[in-house]
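**Student:** One structure, pasted below without further comment.
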Amino acid sequence: MEPSIRLTIFSIVVTIRITMAGTRQRGRMIRRYIAERIDSDSREVVRETAREFGISRQAVNKHLRRLVTDGHVAMHGTTRNRRYSLTIIDRQTTVVKLGNQNDENQVWRQQVAPFFPDLPSNTLDIWAYGCQEMLNNAIDHSSGTNVTINIKRTTTSTEMDIVDDGYGIFKKIKESLGLEDERHAVFELSKGKLTTDPDNHTGEGIFFTSRMFDRFSIDSGSVYFTHISPEEEYWLFENDEHVTGTWIRMKLSNHTNRAPKEIFDAFSGDGDYGFTRTVVPVDLARYGNDALISRSQARRVLVRLDRFNTVLLNFKNVDQVGQGFADEVFRVFVRTHPDIALVPINANPQVMSMIRRANSRF
C-alpha cells in the first residue's frame, strides 16, 4: 500500500476515534445533567435537558433509559405520570460510642473515609473537614452516649447524617449564654465564632461547614436550621415535635467545584487568614412576623459583631425596619466601633432609606 494511502486511512481512523470520544463525553455530560436535575427534584427533567443541550425529547429519553439500565435511576409510574428518582448505590451506618478516648480523626480515617474511595480531592477535603468538625462537636459538647453516622450515595451526590443522643445543641447554647429561647441560639450560631467552650474551641466549625456543603441542616429540640449554598441566608423553622439530641445532615455533589480554601478565603481579610468577615441573616433576629423596629432587637443583631472586621448585614426577607433599630445599628454601633465595617446587603428601598437616615455614609 502506498504511503499516501496509508496516511489517508490513518487520518480517517484518528478522526473517527476523536469524534467517538467527543460523542461519549457529550453523552456522559447529558446523563450527569439528567441525574442532577432528578436530584434537585425537577419534574421537567426531559424538557429541561432537551433545551439545555439542543436535542430532542426522544434523545433525552434514550439517555434516561441508559441511566435506568445502569442502575443509577429508578422509574416510577405510567407514561403519563412517570417520574424518576436516583437510586442509592451505596450506604453505610457507623455507630460511635462516646467517651474520653474518642478521636474524630481516627473515626474519619478508619470508618468513614473508606466510603469515599474515588471522589475528587476537593470533594474529599470538604467531607473530611465537615465530618470531623461535626464529630468533634458531638464528642466534646453533646453529653451523649452514642453518635450514629449514616451515609448514602447516589450517582450525583452523597448525604451524611450525624446523629447524637445528647443534650441538644440549641438547648445547650441557649442555657450556656442565657438566651431567650432556642431560636435566638440559632441566630447566634449563624453569625459564627460561637462556642460554649471558648478555652478549647473557636466556634468556627459549624459556620464554615454549613457553607461548604450544598445543603446543611441541624435538627434539635424545637428548631430546624438549614443553609443551602450558595445562598447567603439561613432558614429557621419550628419543629412540630421535639427532637431529642442533635441531628446534622450534610449533602454534597460528588463533583462539586467548591473547595475548603475558597470558603475560608471568603471570610478572611486581605492577606489575613483569620475569620474576620461574616454575613448576618438579619431576618433571623425576628420572632415570627415581628417587625424589626426596636433598639433591643438591634442589640440582638449586634451581639458579638465586635469580633469581626467586616460584617455584611443581609436584609433579605426584611420588608422594613424602624428608626430606633436603624439608629442603634448604623449610628450608635458605628460610632462606638469605627474600625468595624458594617455593610447592608439585599436591602429594599424602604430599608435603605431608613439606613441612610441613620448614617449619611449610605
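The values are calculated or read from the model by the stated rules, or taken from the named source; none is laboratory data. Please read all numbers here as calculations on a predicted model, not as lab measurements. Positions of Cβ are generated from backbone atoms using ideal geometry, with glycine treated the same way; all protein chains shown enter the neighbour counts. Heads up: the accessible areas ignore ligands, DNA and RNA and are worked out on the full protein's heavy atoms, side chains in. Shrake-Rupley method; radii C 1.70, N 1.55, O 1.52, S 1.80 Å.
**Student:** Can you spot the aspartates and glutamates whose alpha carbon is less than 19 Å from Lys152's alpha carbon? Ignore those fewer than 8 places along the same chain.
**Tutor:** Here the aspartates and glutamates satisfying the reach criterion relative to Lys152 are Glu36, Asp39, Asp41, Asp70, Asp90, Asp118, Asp125, Asp161, Asp164, Asp214, Asp219.
**Student:** Applying a 10 Å radius around every beta-carbon, put 206-213, 64-71 in order of their mean neighbour count, most first.
**Tutor:** My ranking of the peptides, most packed first, is 206-213, 64-71.
**Student:** Skip the ligands, DNA and RNA, and give the accessible area per residue of the chain with a 1.4 Å probe, whole Å².
**Tutor:** 53
**Student:** At a 1.4 Å probe, what is the % contribution of carbon and sulfur to the accessible area of the chain?
**Tutor:** Carbon and sulfur together cover 48 percent of it.
**Student:** Sticking with this structure for a sec: Along the charge dipole of the chain, which of Thr154, Gln92, His72 sits closest to the positive end, that is, farthest toward it, with unit charges on the beta carbon of Lys, Arg, Asp and Glu (+1, +1, -1, -1)?
**Tutor:** Result: His72, furthest along the dipole toward the positive end.
**Student:** Need the list of lysines near Lys174 for cross-linking: C-alpha distance under 19 angstrom, and skip anything on the same chain fewer than eight residues off.
**Tutor:** Lys174 reaches Lys191, Lys193.
**Student:** When Cα extents along the principal axes in Å is calculated directly from the model, which label among (1) 108, 53, 48; (2) 59, 43, 40; (3) 89, 53, 49 fits?
**Tutor:** (3)
**Student:** Also, I was wondering about something else. Given Cβ point charges of +1 (Lys, Arg) and -1 (Asp, Glu) and nothing else, what value in debye, to the nearest 20, does the dipole of region 228-343 about its Cα centre take?
**Tutor:** 240
**Student:** OK, next. I need the peptides 180-192, 337-349 ranked by packing, meaning the mean over residues of other C-beta atoms within 10 angstrom, with the highest value on top.
**Tutor:** 180-192, 337-349
**Student:** Quick one: net charge of Phe116's neighbours, Cβ under 15 Å, K/R +1, D/E -1?
**Tutor:** Once all neighbours under 15 Å are counted, the net charge is +1.
**Student:** May I pose another question? Using a 1.4 Å probe, how large is the accessible area of Asp125, given in Å² and rounded to the nearest 10?
**Tutor:** Approximately 80 Å² of Asp125 is accessible to the 1.4 Å probe.
**Student:** Something else now. Would you please report the Å³ per residue occupied by the convex hull of the alpha carbon atoms in region 20-61?
**Tutor:** 59
**Student:** Tell me, what is the percent relative contact order of region 116-168, built from C-alpha pairs under 8 Å that lie six or more residues apart?
**Tutor:** 31
**Student:** How far apart, in nanometres, would the label points at Trp235 and Ser56 be if each is projected 7 angstrom from Cα along the Cα-to-Cβ direction?
**Tutor:** Taking the simple label geometry, Trp235 and Ser56 are separated by 3.9 nm.
**Student:** Using the crude model of +1 on Lys and Arg Cβ and -1 on Asp and Glu Cβ, and no other charge, please compute the dipole size for the chain relative to its Cα centre, in debye to 20.
**Tutor:** With only Lys, Arg, Asp and Glu charged at Cβ, the dipole is about 1860 debye.
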